[in-house]
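> Take this structure, written in structure tokens, and hold onto it; I'll ask about it next.
Every number here is computed from the coordinates shown, using simple stated rules; none is lab data. Note that the coordinates shown come from a computational prediction; the quantities given were computed from them, not determined experimentally. Positions of Cβ are backbone-derived with ideal geometry, glycine not excepted, and every protein chain shown enters the neighbour counts.
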Amino acid sequence: MSIAHNLNALKKELPANVTLVAVSKTKPAAQVREAYDAGHRDFGENYVQELVQKHAELPADIRWHFIGHLQSNKVKFIAPFVYLIHGVESLKLLKEIAKQAVKNNRVIRVLLQLHVAKEETKFGLTFEECRELLAQADKENLQGVKISGLMAMASNTQDVAQVAREFRSVYDFSRELSRTRADMEILSYGMSGDYRLAVANGSNMVRIGSLIFGERL
Ligand SMILES: *Cc1c(COP(=O)(O)O)cnc(C)c1O
């Protein structure tokens, strides 16, 4: 199946309020171009160098999402153009994004990453750590950065009930936050294997790679 076909099938299926981020990591720029020519604009990348290179090669109106683990010392390379940074989990990184955004005369939107999966290895904050980080960020009154929602990954398991529970916990937490803060409306969870469960449990932004571009080697 072609990239355009895969994209159209997903767009037809997803509710209108759900943004589809096409995860193009490790795939050549020509394949991003194919998706772009089919009308797609939101793309997700995990590696700074790869993102910088694709940004230089591809049309300027692409909305580039950084979805990987971002090191503070690399923020400066993507700050001039990045559309949304999904995986923020420290005050240090928030401050660096704010600093580089101001340098570029921009406000950069970010999502805080939650850890809800069972696996030890996945990144992210507990709900309590997330509340603390929000409080710290408020105190710092950071210019240049806007915390716009939450990002999460579910456990890599066939246990559908477990995955649904994890997604639902993120949604419930977002409802809790929304009682005291506005502007936390983006909920980024769901990938090729679990996007339907994610959407059924409140996601409004899914990050899908292999279902669009094929398996990564
Ligand atoms: C690679 C990746 C995806 C997409 O994964 P697929 O299973 O190919 O859809 C989504 N989110 C993050 C954070 C990723 O690293």
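> With a cut-off of 8 Å between alpha carbons and a minimum separation of six or more residues, what is the relative contact order of the stretch 1-144 in percent? Please list the in-between numbers first.
Details: 188 pairs, mean separation 23.3, N = 144.
Relative contact order comes out at 16 percent.
> Further question on the same structure: Taking K and R as +1 and D and E as -1, what net charge do the other residues with C-beta under 11 Å from the C-beta of residue 22 add up to? Working shown, then result.
Values: positive: 11, 25, 27, 41, 63, 207; negative: 34, 42, 45.
In short, +3.
> Follow-up question, since we're still on this one. Which longest uninterrupted range of the chain lacks any GluC sites (Glu not before Pro) assigned by DSSP to a loop state (not H, G, I, E or B) and surrounded by at most 13 other Cβ atoms within 10 Å?
Details: sites that count: 119, 120, 185, 215.
My reading of the result: 1-118 is the longest stretch.
> Also, I was wondering about something else. Would you tally the net charge around residue 76, using a Cβ to Cβ cut-off of less than 14 Å, leaving residue 76 out, and scoring K and R as +1, D and E as -1? Walk me through the numbers before you get to the answer.
Numbers: positive: 74, 95, 99, 103, 106; negative: 96.
Net charge around residue 76: +4.
> Could you tell me the convex hull volume per residue, in Å³, taken over the Cα atoms of the stretch 109-157? All intermediate terms of the calculation are to be shown ahead of the outcome.
Values: hull volume 3.6 nm³, N = 49.
It is 73 Å³ per residue.
> Using DSSP to call loops (not H, G, I, E or B), can you name the trypsin sites (Lys or Arg not before Pro) in the stretch 18-80 whose Cβ has at most 16 other Cβ atoms within 10 angstrom? Could you put the intermediate results ahead of the total?
On the way: sites: 25, 33, 41, 54, 63, 74, 76; in loops: 25, 41.
When the trypsin sites (Lys or Arg not before Pro) of the stretch 18-80 are filtered for loop state and at most 16 Cβ neighbours within 10 Å, 41 remain.
> Where does the stretch 70-167 land on the Kirkwood hydrodynamic radius, alpha-carbon pairs, in angstrom? Show your work: numbers first, answer last.
Details: mean 1/r = 0.0705 Å⁻¹.
Every distinct Cα pair counted, the radius reaches 14.2 Å.
> Could you list which residues have their amide H under 5 Å from that of residue 19, counting only those 5 or more apart in sequence or on another chain, with H placed in the peptide plane?
205, 206
> Can I ask one more? Excluding residue 126 itself, what net charge comes from residues whose Cβ is under 11 Å from its Cβ, given Lys and Arg +1 and Asp and Glu -1? Could you put the intermediate results ahead of the total?
Values: positive: 131; negative: 89, 128, 129, 132.
Value of the local net charge: -3.
> Kirkwood hydrodynamic radius for the chain: how many Å is it when counted over pairs of different Cα atoms?
Working: mean 1/r = 0.0568 Å⁻¹.
About 17.6 Å, per the Kirkwood formula over Cα pairs.
> Quantify how much of the Cα-Cα distance distribution of the stretch 18-94 extends past 14 Å, in percent. Don't jump to the answer; show the numbers that get you there.
Numbers: 1659 of 2926 pairs.
For the stretch 18-94, the fraction of Cα-Cα distances above 14 Å is 57 percent.
> What translational diffusion coefficient, to the nearest whole µm²/s, does the stretch 132-191 have by Stokes-Einstein, given a Kirkwood radius computed over alpha-carbon pairs, a temperature of 37 °C and 0.692 mPa s viscosity?
On the way: Rh = 13.0 Å.
Value of D from the Cα-based Kirkwood radius: 252 µm²/s.
> What are the lysines whose alpha-carbon lies under 30 Å from the alpha-carbon of residue 103, with same-chain residues fewer than 8 places away excluded?
Cross-link targets: 25, 54, 74, 76, 92, 95, 139, 146.
> Which value at 222 nm does the chain reach when only helices count, each DSSP H run of 4 or more adding -39,500 (n - 2.57), with the total divided by all residues and rounded to the nearest 500 deg cm²/dmol?
On the way: 9 runs with 90 residues, N = 217.
-12000 deg cm²/dmol, from helical runs alone.
> A further question follows. Which residue fluctuates most in the GNM of the chain (Cα springs below 10 Å): 98, 198, 30?
Per the Cα network of the chain with a 10 Å cutoff, 30 tops the list.
> Taking the chain as a Gaussian network, Cα atoms linked when under 10 Å apart, which of 147, 62, 108 shows the biggest mean-square fluctuation?
Its mean-square fluctuation being the largest, the pick is 62.
> Tell me, how many Å apart are the Cα centres for the stretch 168-217 and for the stretch 47-120?
After rounding, the separation between the Cα centres reads 18 Å.
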